[in-house]
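Trainee: My questions will all concern the structure given below.
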Amino acid sequence: MKQSHFDAIQPICPVCRRDEQVESRLKLNHIAARSGNEIEAGVLLCERCMREYPIIDGIPVIVPDVRSHLSASLIHILWRDDLPDVIESLLGDCCGPGSSFDLTRQYLSTYTWGHYHDLDPEGDPDQPAVVAALQRGLDHAQPAPEGIVVDVGCSVGRTSLELAKTGRMVLGLDVNLSMLRLARQAARGEVRYGLRQGGLVYEPRRFAVDFPDAARVDFWAADATCLPLRSGSAAMMSSLNVLDCLQSPYDHLTELARITATGGRVMLGCPYDWSPAATDAPQWIGGHSQRTKRGGDSAASLRALLTPGAQPNSIERLHILAEQGAVPWRVRVHARSTMHYALHLLVAEAR
Ligand SMILES: C[S@@+](CC[C@H](N)C(=O)[O-])C[C@H]1O[C@@H](n2cnc3c(N)ncnc32)[C@H](O)[C@@H]1O
């Protein structure tokens, strides 16, 4: 965690905010390891509820239920990227398909390729689809007031690093610690991961990257539906391909509306790939209730939620400025399988 980001952003306790609507500022209570501006290990404390939030490998973990999150994330916390390739391959075979080891490698393969394939000397030189989608959002999101940019569900970090080119301070947020660690590594100039060829076979990839604006970016672990950020503290927020990964997409929308400053912009992109593994069907935005006025259409349902007065639970602060119906996004699964999505992308202003 960068001290400069902590001082400027002044994170709050997500539990005090969610449960009691109190914005209780976190204190940097203990520093166990630091290197210049970087706090590598330590503890943040809410002096109001006395909850502790750890900083692990330079990543502050400021999620509502720290205990269960850390215990469920143990594979990511203990993940090693220094194993010889032969040992990693052997571990992959021993743990087998469907193991947490295998799933972690699959996620890292899919998103690291998706974010950095253009910078890999042996990769695909085309601009990554997610970067192109972000650029389309940015075209409509500026000018925005002064202030920080928050990239929710940043995964392995490329969009956060691209957002730093706006000259603003950027915060990349995600719940997945191994992805955030890879994002930090990319910000420091190296991308290292296994690219899935198929089954349990991964090709080791290592290459240097250069993001001259990386000093403006920090990566924190936080939950998109209960964020540790002060109300009205962000000038711009992006949420790309995250809405359909959440238990409560609606809570994410209310968080985006709460945190965006008046006049600030929200860039929201989603393929509406609803799955009960991530979201209970009644919480989906569209994708069900085909018999109703909007025919279960997700884009129309989201539009209604972001149109003040359109329905009783419409979010009053956000007003749609621009929309695109089918922005390409692709997700590489393995060497012979890539999924092609068409994102609904919209940009809204907080008023
Ligand atoms: C489909 S990926 C999209 C990643 C990236 N934005 C992109 O477009 O390439 C969804 C991301 O959301 C993250 N995520 C899932 N649930 C989350 C939550 N509750 N809070 C924050 N991030 C979450 C995942 O770890 C993952 O990195």
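The values are calculated or read from the model by the stated rules, or taken from the named source; none is laboratory data. Because the structure is a prediction, the values reported are computed rather than measured. Quick reminder, even Gly has a Cβ in these numbers, built from the backbone with ideal geometry, and neighbours come from all protein chains shown. Protein only, heavy atoms only, side chains kept; ligands, DNA and RNA dropped before computing areas. Shrake-Rupley method; radii C 1.70, N 1.55, O 1.52, S 1.80 Å.
Trainee: Roughly how many Å² of residue 340 are accessible to a 1.4 Å probe, to the nearest 10?
Mentor: 150 Å²
Trainee: Please turn the phi angles of region 318-333 into ³J(HN,Hα) values with the Karplus equation 6.51 cos²θ - 1.76 cosθ + 1.60 (θ = phi - 60°), one per residue in order, whole Hz, x for glycine and proline.
Mentor: So the J values, rounded to whole Hz, are 9, 10, 6, 9, 8, 8, 9, x, 8, 8, x, 8, 10, 10, 7, 9.
Trainee: Less than 15 Å Cβ to Cβ from residue 137, Lys/Arg counted +1 and Asp/Glu -1: what total charge do the surrounding residues give? Mind showing how you got there, number by number?
Mentor: Numbers: positive: 136, 158, 165, 168, 265; negative: 139, 151, 162, 323, 349.
Surrounding charge for residue 137 is 0.
Trainee: Could you work out the relative contact order of region 73-350? I mean the mean sequence separation of Cα pairs under 8 Å and 6+ apart, divided by the number of residues, in percent.
Mentor: On the way: 574 pairs, mean separation 49.4, N = 278.
RCO, region 73-350: 18 percent.
Trainee: Could I ask something else about it? FRET efficiency for residue 20 and residue 90, Cβ-Cβ distance as r, R0 = 45 Å, nearest 0.05? Show your work: numbers first, answer last.
Mentor: On the way: r = 50 Å, r/R0 = 1.11.
Once rounded, the FRET efficiency stands at 0.35.
Trainee: Give the Kirkwood hydrodynamic radius (Å, one decimal) of the chain, defined as one over the mean of 1/r across all pairs of different Cα atoms. Provide the component values of the computation, followed by the final result.
Mentor: Details: mean 1/r = 0.0482 Å⁻¹.
Mean inverse Cα-Cα distance, inverted, gives 20.8 Å.
Trainee: Is the shape of region 54-194 rounded, prolate or oblate, going by the alpha carbon gyration tensor and its root eigenvalues a ≥ b ≥ c, with a/c under 1.5 for rounded and a/b larger than b/c for prolate?
Mentor: On the way: a/c = 2.34, a/b = 1.40, b/c = 1.68.
Because a/c hits 1.5 or more and a/b fails to exceed b/c, region 54-194 counts as oblate.
Trainee: Give me the percent of accessible area attributable to carbon and sulfur for the chain, probe 1.4 angstrom. The partial results should precede the final answer.
Mentor: On the way: 7540 of 14900 Å².
Its accessible area is 51 percent carbon and sulfur atoms.
Trainee: Could you work out the helix-only [θ] at 222 nm for the chain, with each DSSP H run of four or more residues adding -39,500 (n - 2.57) and the total divided by the number of residues, to the nearest 500 deg cm²/dmol?
Mentor: Numbers: 11 runs with 102 residues, N = 351.
Value at 222 nm, helices only: -8500 deg cm²/dmol.
Trainee: Label region 178-234 by shape, choosing from rounded, prolate and oblate, from the square roots a ≥ b ≥ c of the eigenvalues of the Cα gyration tensor; if a/c is under 1.5 it is rounded, and otherwise prolate applies when a/b is larger than b/c, oblate when it is not. Intermediate results must be reported in sequence, preceding the final value.
Mentor: Details: a/c = 4.45, a/b = 1.64, b/c = 2.71.
Oblate.
Trainee: A follow-up question, please. If you count only protein heavy atoms with a 1.4 Å probe, what accessible area per residue comes out for region 73-350, rounded to a whole Å²? Provide the component values of the computation, followed by the final result.
Mentor: Numbers: 11350 Å² over 278 residues.
It amounts to 41 Å² per residue over region 73-350.
Trainee: What does the convex hull of the alpha-carbon atoms of region 1-62 project to on average, in nm²? Don't skip to the answer; put the middle values down first.
Mentor: Numbers: hull surface 14.7 nm².
Reported value for the Cα convex hull: 3.7 nm².
Trainee: Residues with amide H under 5 Å of residue 172's amide H, sequence separation 5 or more or different chain, H placed in the peptide plane at 1.01 Å from N; which?
Mentor: Counting only residues 5 or more places away or on other chains, the set is 151, 218, 219, 220.
Trainee: Have a look at the DSSP beta bridges in the chain and tell me what percent are antiparallel, nearest 5.
Mentor: Values: 43 of 64 bridges.
The antiparallel fraction comes to roughly 65 percent.
Trainee: Right, here's the next one. Identify the residues of region 234-263 with backbone N under 18 Å of a label point that sits 7 angstrom from the Cα of residue 278 along the Cα-to-Cβ direction, or state none.
Mentor: 238-256
Trainee: Loop-only check: which GluC sites (Glu not before Pro) in region 293-351 are DSSP coil with at most 16 other Cβ within 10 angstrom? Can you show the working numbers first?
Mentor: Numbers: sites: 316, 323, 349; in loops: 316.
Those satisfying the criteria are 316.
Trainee: Cysteines without a disulfide-compatible partner in the chain, using Cβ under 4.7 Å as the rule?
Mentor: Those would be 49, 94, 95, 154, 226, 245, 270, since no other cysteine Cβ in the chain comes under 4.7 Å of theirs.
Trainee: Here's something else I'd like to know. Probe of 1.4 angstrom, ligands and nucleic acids ignored: what's the accessible area per residue over region 1-62, in square angstrom?
Mentor: Working: 2780 Å² over 62 residues.
On a per-residue basis, region 1-62 sits at 45 Å².
Trainee: So, one more: Long-range amide H contacts for residue 241: which residues qualify at under 5 Å (H placed 1.01 Å from N, peptide plane, sequence gap of 5 or more or a different chain)?
Mentor: Under 5 Å from the amide H of residue 241: 269, 270.
Trainee: Work out, step by step, the length gained on full extension between residue 127 and residue 231: first 0.36 nm times the residue separation, then minus their alpha carbon distance; give nm to one decimal.
Mentor: On the way: separation 104, 0.36 × 104 = 37.44 nm, distance 3.42 nm.
That works out to 34.0 nm of additional length.
Trainee: Could you list the trypsin sites (Lys or Arg not before Pro) in region 44-126 that lie in coil according to DSSP, counting only those with at most 13 other Cβ atoms within 10 Å of their Cβ?
Mentor: Details: sites: 48, 51, 67, 80, 105; in loops: 48, 51, 80.
Those that pass, being in a loop and sparsely packed, are 80.
Trainee: Assuming R0 = 30 Å, what is the FRET efficiency of residue 77 and residue 307, from their Cβ-Cβ distance, to the nearest 0.05?
Mentor: Numbers: r = 42 Å, r/R0 = 1.40.
Efficiency, rounded to the nearest 0.05: 0.10.
Trainee: Another question about this same structure. Need one number: the % of Cα-Cα pairs in region 67-126 sitting beyond the 14 Å mark.
Mentor: On the way: 1169 of 1770 pairs.
That tail contains 66 percent of the Cα-Cα pairs.
Trainee: By a straight-distance test (C-alpha under 18 Å), which lysines pair with residue 27 as possible cross-link partners, with residues fewer than eight away in the same chain excluded?
Mentor: Straight-distance partners of residue 27: 2.
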